[in-house]
Amino acid sequence: MDYEIGLAATFVALLAGLITGRKMGSAARDQQREEAEKEAVRILKEAEIKAETLRKEKELQARERFLQMKQEHESEANKRTQALVQNENRIKQKEQSLNQKMEQVARKEHELDGSRDNMKRQQEQMEQKKEQLEKQREELENSRQKTVAALEKISGLSVQDARAQLMEQMVNEAKSKAAGQLKEILDEAKAHAQKEAKKIVIETIQRTATEHSVENAISVFPIKNDEIKGQIIGREGRNIRTFEAATGVEIQVDDTPEAIVLSCFDPLRREIARVALHRLVSDGRIHPARIEEVVNKTRKQIEEEIAEIGERTCIDLGIHGLPSEMVRLVGKMRYRSSYGQNLLQHSREVANLCATMASELGLNPKLAKRAGLLHDIGKVPDDNPEVPHAILGMQIAERCKEHPVVCNAIGAHHDEIEMTDPISVIVQVCDAISGSRPGARREMVEGYVKRLKELEQLASGYNGVEKAYAIQAGRELRVIVESEKVGDEAADLMAVDISTRIQNEMQYPGQIKVTVIREKRAVSFAK
């Protein structure tokens, strides 16, 4: 009984708990529902606000786009309007020009009608004059026949006999004039016999093309920046003193930007200094011990290059069998100069001239070329300064057992000794040609340029001269005159006057041809 009562109580308790729990769960669910509804209302309000904001932004963008398209449309419309206005103006201008041309055509037609009438009148007048001339010609022919008949009657000769006598007289006069001109030509040929003798010399010069070279006593060494000058000078100037003592070249470091001057009268020492300084600057290590090392290496390299230059020169000229001492002296000519003319270039030029001239004269061209190359070999050594270079060169050639003709040509090309072979004369002549040609030496080229300028200035001083040019190395002067100011006869007189003034006022070799050019040009354009 008690057990059943307890079980019933338990069941009641469970039922009561279940009912209580259900009531509590429904209350919680109601509260969650209310909170969800509030959250949904809040989200809706926020969505409405965002949608309103987005709508306003889209409206603003649409309005801006509309304004922009409106402006573009207006600008395009303005451009089209301007183009239409320009086209209208162009059409109006063309209409005006067409009207003007039509007026001109009408005016020309009127003028042509008047000119046709004038031409008809002139033609009638010409026909009348022609008739008058025919009458006069007939009268003159009749009078001429009467005159001829009267002359034949007086002289007793017919027309054919008189013509034969006149022709015979003219032939005799022509023969006498021809004989006089022939005598003048022969006299002129005798007076200018030396020109014929110089024909071979002129042909030799024309066949030999050489360069113009001038040697100076200084060389300019370029540098990248002025900081290198301090490295070259060194602390308290020890680097520059060591370099000058090792090379014998003076270094001038001044305010000249990016440049150093190497000064020395000896081109060989100057070249050694230039190459050594280039190596030092490229290496960057500049101190006394390094300077002496680089200078010694450079000196050896230049000595090797000298021998190579001598061998290459002999090969180029086709000269074989020279002793090594002579080959070295020939290469050393590259670093010697005379009056600004490079000695090696001068010797090569003389060698080619000698070969050409010897061939023309039927002599040995190889022996002449050899003598021409070696004729100034005595200028290369630094010893024996009291001995003339011709004698010193001859002594060197004799010591090297050169051909006697070559030795005599070397020693006699300045008349120090007597010439014993025609090749010696050729060497002397070719040496003078190479040294005296325009542009070969510094003094000669300055005088040559000055003479050409004086020629042009002399001709330009005449009234009516437009331009004046000295051509053909100063052997011809061309003067261009204005056709409106100078006539044909005045041009002839001007040519004679200019040539007379040149002959009296200037000094020049040979002769100068003066050509006065008068030209009239008529230019027209077909449209």
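The values are calculated or read from the model by the stated rules, or taken from the named source; none is laboratory data. None of the values given here were measured: they were computed from a predicted structure. Glycine also receives a Cβ, built like all others from the backbone with ideal geometry; neighbour counts cover every protein chain displayed. Keep in mind that these areas ignore ligands, DNA and RNA; they rest on the heavy atoms of the full protein, side chains included. Shrake-Rupley method; radii C 1.70, N 1.55, O 1.52, S 1.80 Å.
Given a 1.4 Å probe and heavy atoms of the protein chains only, how would you sort Phe66, Phe221, largest accessible area at the top? Walk me through the numbers on the way to the answer.
Details: Phe66 130, Phe221 10 Å².
Solvent-accessible surface, decreasing: Phe66, Phe221.
Please list, by residue number, everything in the range 313-353 whose backbone N is under 16 Å from a paramagnetic label point 7 Å out along Cα→Cβ of His278.
Of the residues in the range 313-353, 335 have backbone N under 16 Å from the label point off His278.
Between Arg238 and Lys485, what's the calculated FRET efficiency when r is the beta-carbon distance and R0 is 51 Å? Round to 0.05.
Details: r = 73 Å, r/R0 = 1.44.
Once the sixth-power term is evaluated, E becomes 0.10.
Would you kindly state how much longer the chain becomes between Leu140 and Ile49 on full extension, computed as 0.36 nm times their sequence separation minus their alpha carbon distance, in nm to one decimal? List each step's numbers first, then the result.
Values: separation 91, 0.36 × 91 = 32.76 nm, distance 13.11 nm.
This chain segment gains 19.7 nm when fully extended.
Just the accessible area per residue of the range 289-401, please: how many Å² with a 1.4 Å probe?
Per residue, the range 289-401 has 45 Å² of solvent-accessible surface.
Just the number: Rg to Rh for the range 34-116, Cα atoms, Kirkwood Rh, two decimals. Could the numbers behind the result be given before it?
Values: Rg = 35.8 Å, Rh = 19.9 Å.
Over the Cα atoms of the range 34-116, Rg/Rh equals 1.80.
When all protein chains stay in place, what accessible area (Å², nearest 10, 1.4 Å probe) is found for Asp421?
In the full protein context, Asp421 sits at about 50 Å².
Taking 8 Å as the Cα distance limit and 6 or more residues as the minimum spacing, I'd like the relative contact order of the range 339-414 as a percentage. If you can, show how the numbers build up before the last one.
Working: 89 pairs, mean separation 19.6, N = 76.
Once normalised by length, the contact order is 26 percent.
Using the heavy atoms of the protein chains alone and a 1.4 angstrom probe, what is the accessible area of the range 20-117 per residue in square angstrom?
Numbers: 9440 Å² over 98 residues.
Per-residue accessible area for the range 20-117 comes out at 96 Å².
When only the heavy atoms of the protein chains count and the probe is 1.4 Å, how do Leu44, Leu353 rank by accessible area, highest first?
Working: Leu44 105, Leu353 5 Å².
Per-residue accessible area, sorted high to low, gives Leu44, Leu353.
For Phe221, list long-range residues whose amide hydrogen, built 1.01 Å from N in the peptide plane, is under 5 Å from its own amide hydrogen.
Ile260, Val261, Leu262
Which value, in Å² rounded to 10, gives the accessible area of Met102 with a 1.4 Å probe and all protein chains present?
For Met102, solvent-accessible area is about 130 Å².
Quick one: order Tyr335, Tyr508, Tyr469, Tyr462 from most to least accessible surface, probe 1.4 Å. Don't skip to the answer; put the middle values down first.
Values: Tyr335 20, Tyr508 70, Tyr469 105, Tyr462 40 Å².
Largest accessible area first, the list is Tyr469, Tyr508, Tyr462, Tyr335.
Roughly how much of Ser359 is accessible, in Å² to the nearest 10, using a 1.4 Å probe?
70 Å²
Take the alpha carbon gyration tensor of the range 301-377, find the square roots of its eigenvalues, order them as a ≥ b ≥ c, and report rounded if a/c is under 1.5; if not, report prolate when a/b exceeds b/c, else oblate. Can you show the working numbers first?
Details: a/c = 2.70, a/b = 1.54, b/c = 1.76.
The shape class here is oblate.
Determine the shape class of the range 233-282: with a ≥ b ≥ c the square roots of the Cα gyration tensor eigenvalues, call it rounded for a/c under 1.5, and otherwise prolate if a/b is greater than b/c, oblate otherwise.
Rounded, because the longest to shortest axis ratio a/c is under 1.5.
Collect residues whose amide H, placed 1.01 Å from N in the peptide plane, falls under 5 Å from the amide H of Ile517; neighbours closer than 5 in sequence don't count.
Result for Ile517 returns Val479, Ile480, Val481.
Rounded if a/c is under 1.5, else prolate if a/b beats b/c, else oblate: with a ≥ b ≥ c from the C-alpha gyration tensor eigenvalues square-rooted, which is the range 238-378? The partial results should precede the final answer.
Working: a/c = 3.70, a/b = 2.43, b/c = 1.52.
Note, shape of the range 238-378 comes out prolate.
I need the calculated FRET efficiency for the pair Arg42 and Glu76, taking r as the beta carbon distance and R₀ as 41 Å, to the nearest 0.05.
FRET efficiency, Arg42 to Glu76: 0.20.
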